[in-house]
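Working notes for the structure below.
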Amino acid sequence: MTRYRLAIFDFDGTLADSLPWFRASFQDMITRFDLAPVRDDEVEGLRGMSAREIMARLNVSMWQLPAIVSDMRKRKLAAASEISLFAGIPAILTDLQRLGIKTAIVSSDSEASVRHVLGPATSLITRFDCGAAIFGKHWKFRRVARGLGAEPADTICIGDEIRDIEAARAAGMDSGAVAWGYALPSALQAAEPTHLFNSIEEMTQRLTMTK
């Protein structure tokens, strides 16, 4: 029997290579919402910050956040055809399905956008719970696990941001941080995930290990 019965994935930066799209859209978002200016040479430094630290640096208020997230979702959906899955993602999802490990996607992105980028791999996902708030993903983690009959102890939540690690911890679940997404590996490691995956091959090995 495998260690985990359920793997809950974030999408952008975890399964989908959307960081280039975000970088291209970043300065337009700053201008549109009159946020604190960030020079191009400062953008990389944001990858070492938590979501709350980034909000503070950009001077984003909590009341602005829903409008910003909604705007980015719309733009992301419009650009979905330009974004692809990381190489190896369909293969790992296929392996998990073959082993009887259920999979879910909990993302702040829209389900339409997620499904568009997944394409044929959509059929490999057991449950979608999209449109998650930037903060509070742990509630969705718990809801997905309950709906799929998985205990927190048998569930791993995999993402590319510090808030994904924090949400998994709040839900009483293991966390897997991927080193190829939005946040820097050093920042993820400092947040103490259960596992830090440096490659998709490493993630595959860990998830398919038996007890």
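Annotations
- The one condition in (1) open to solvent by 40 Å² or more (accessible area, probe 1.4 Å); (2) among the basic types (Lys, Arg); (3) touching a helix residue (DSSP H, G or I) at 6+ places or on another chain (Cβ under 7 Å) that Lys102 fails to fulfil: (3)
- Filtered residue count, region 47-69, keeping only those that are in contact (Cβ under 8 Å) with a residue 40 or more places away in the chain and of a type in the set (A, V, I, L, M, F, W, C): 4
- Ala91 vs. criteria open to solvent by 70 Å² or more (accessible area, probe 1.4 Å), out of contact with any strand residue (DSSP E or B) (no Cβ under 9 Å at 6 or more places or on another chain) and of a type outside the set (Lys, Arg): no
- Subset of region 109-132 (residues that are assigned to a helix (DSSP H, G or I) and touching a residue at least 40 places away in the same chain (Cβ under 8 Å)): Ser113, Val114, Val117, Leu118
The values are calculated or read from the model by the stated rules, or taken from the named source; none is laboratory data. Since the model is a prediction, treat every value here as computed from it, not as a measurement. Here Cβ is always computed from backbone atoms with ideal geometry, including for glycine, and neighbour counts include all displayed protein chains. Note: areas computed on protein heavy atoms with side chains; ligands, DNA, RNA excluded. Shrake-Rupley method; radii C 1.70, N 1.55, O 1.52, S 1.80 Å.
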